[in-house]
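Working notes, beginning with the structure itself.
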Amino acid sequence: SWNGLRYFLYEYELYLQERSKGEVKVTWDVLKKANTIEHIYPQEDSKDYWKTRFGKLSSKKRFRLCNSLGNLLLLSQSKNSELQNLGFDFKRKHKAKNGEDAGYFNGSYSEIGVAQNVDWTDETIRDRGIGLLEFMEHRWKIEIENKDGLLGIDVK
């Protein structure tokens, strides 16, 4: 529900682009019109991939993980529609309808970073969330004392 989320994730994308000294993959003009926020661990977790990793957690914890900062990713609307609620293994890399390799691994810098993970778990979500908060601290020169508390998830 944070109205600055899209801009924050865009700033993070620019940071990753600058670090890699790569070409622009996401522009603000395109983002305003056609990109969406992807829930990597989806809001509808009925697929076996998600059931085996998150099914034993309480509905409250699953909701928090799903909507946690570390689980959110800028994604084009068309790619978001394609990936929907499918498992991370598919979202990470798969064959598109045209036969080409598709998925996070060849997307934006943020997507490529997420694709470096072999699996998507509560710990992965927490770790990525901490990393995003650390970026926030560095970018805006602020201090966030209780990152775990701010994320609102407990992976112990």
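The values are calculated or read from the model by the stated rules, or taken from the named source; none is laboratory data. Model, not experiment: these values are computed from the prediction. Don't worry about glycine lacking a Cβ; one is built from the backbone with ideal geometry, like all the others, and counts go over all protein chains shown. Just the protein is used for accessible areas: all its heavy atoms, side chains included, with ligands, DNA and RNA removed. Shrake-Rupley method; radii C 1.70, N 1.55, O 1.52, S 1.80 Å.
Adding -39500 (n - 2.57) for every DSSP H run of four residues or longer, then dividing by how many residues the chain holds, sets the calculated 222 nm ellipticity at -14500 deg cm²/dmol.
Region 3-44 and region 63-83 have Cα centres spaced 11 Å apart. When all alpha carbon pairs of region 37-79 are counted in 5 Å bins from zero, the resulting P(r) reads 5, 24, 30, 23, 12, 5, 1 %.
At a probe radius of 1.4 angstrom, the accessible area of the chain per residue rounds to 59 square angstrom.
Per the Kirkwood formula on distinct C-alpha pairs, the Rh of region 1-145 is how many angstrom? Result for region 1-145 stands at 15.8 Å.
For region 5-67, the Cα-based Rg and Dmax, in that order, read 15.7, 42 Å.
Highest mean first, how do 10-16, 67-73 rank when packing is the count of other Cβ atoms within 10 Å averaged over residues?
Numbers: 10-16: 18.0, 67-73: 22.1.
Listed from highest to lowest mean packing, they are 67-73, 10-16.
Along its first, second and third principal axes, ordered by size, region 81-156 spans 47, 28, 21 Å in Cα coordinates. Among ASN146, GLY22, THR52, whose Cα projects farthest towards the positive end of the dipole of the chain, with charges put on the beta-carbon of Lys, Arg (+1) and Asp, Glu (-1)? Final value for the positive-end residue is THR52. Here r is the Cβ-Cβ distance between TRP140 and ASN80 and R0 is 30 Å; the resulting FRET efficiency, rounded to 0.05, is 0.65.
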